[in-house]
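Have a look at the structure below, then the notes.
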Amino acid sequence: MEQRRKAKRQWSKEDVRALRQHLNLTQAQLAEQLGTRQQTISEWENGMYRPRGTSATLLSIIAERSGLTYTAEEKQDESKR
């Protein structure tokens, strides 16, 4: 039987920051939850790198469970109105 994979979300710097703020966490607190460094969260939020692999998957799970539906594309569309 063929297993279906969910499309992986591409996390922008705005998306990472929006999730962290939605959760009311510091960069250090989010880093601890993801098992990474605070510097990594900062690099994501500054656009130096994007979350990938397990980190991107964990961010998606956290966003889904927290009820966050924000995407940078939606935010840009709203600003054009």
Handout entry: Estimated distance in nm for a label pair at residue 28 and residue 58, the labels positioned 7 Å out from Cα along Cα-to-Cβ
Key = 1.8 nm
Exercise for the section: State the extension gain, in nm to one decimal, for the chain segment bounded by residue 49 and residue 9, taking 0.36 nm per residue of separation less the distance between their alpha-carbons. Expected result: 12.9 nm
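Computed from the coordinates by the stated procedures, all read-outs in this text should not be read as laboratory data. Bear in mind that the values here come from a model prediction, so they are computed numbers and not experimental data. All Cβ positions, even for glycine, are placed from backbone atoms using ideal geometry, and neighbour counts span all protein chains on display.
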